[in-house]
1. Could you tell me whether any residue of segment 69-76 is open to solvent by less than 50 Å² (accessible area, probe 1.4 Å), at pLDDT below 85 and in contact with a helix residue (DSSP H, G or I) (Cβ under 8 Å, 6 or more places away or on another chain)?
2. Restricting attention to segment 1-32, which residues are surrounded by fewer than 14 Cβ atoms within 10 Å (Cβ to Cβ), outside any loop (DSSP other than H, G, I, E, B), touching a residue at least 12 places away in the same chain (Cβ under 8 Å) and of a type outside the set (A, V, I, L, M)?
3. For segment 34-51, indicate whether the set of residues that are modelled with pLDDT of 95 or more, open to solvent by less than 70 Å² (accessible area, probe 1.4 Å) and touching a helix residue (DSSP H, G or I) at 6+ places or on another chain (Cβ under 7 Å) is non-empty.
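The values are calculated or read from the model by the stated rules, or taken from the named source; none is laboratory data. Note that this is a predicted model, so its numbers are computed, not measured. No Cβ is skipped: glycine too gets one built from the backbone with ideal geometry, and neighbour counts run over all protein chains shown. What goes into the accessible areas is simple: the full protein's heavy atoms, side chains included, and nothing from ligands, DNA or RNA. Shrake-Rupley method; radii C 1.70, N 1.55, O 1.52, S 1.80 Å.
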Amino acid sequence: MRELIRTNDPVLVSAVGALLDGAGIGHMVLDRNMSVLDGSLGVLPCRLVVDEEDIGAAQRLLRDAGLGHELRPDTA
């Protein structure tokens, strides 16, 4: 699994997840419930990961959707 994005924005996580679902690219959201540990302040970011073989297609999808700036630097 490779990290595609890391963000505190739940709307972005949902939007990227919907894009990936629509393209048939499997993904997982990690650390979604970590806000319980930080007092629900939302300071701990979620990580959205995809399979290694899908990283290129996922990156292209986000760039085409105008979200290329959200890609992790090590995957961009």
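1. Yes - at least one qualifying residue is present in segment 69-76.
2. Passing the criteria: only P10.
3. yes
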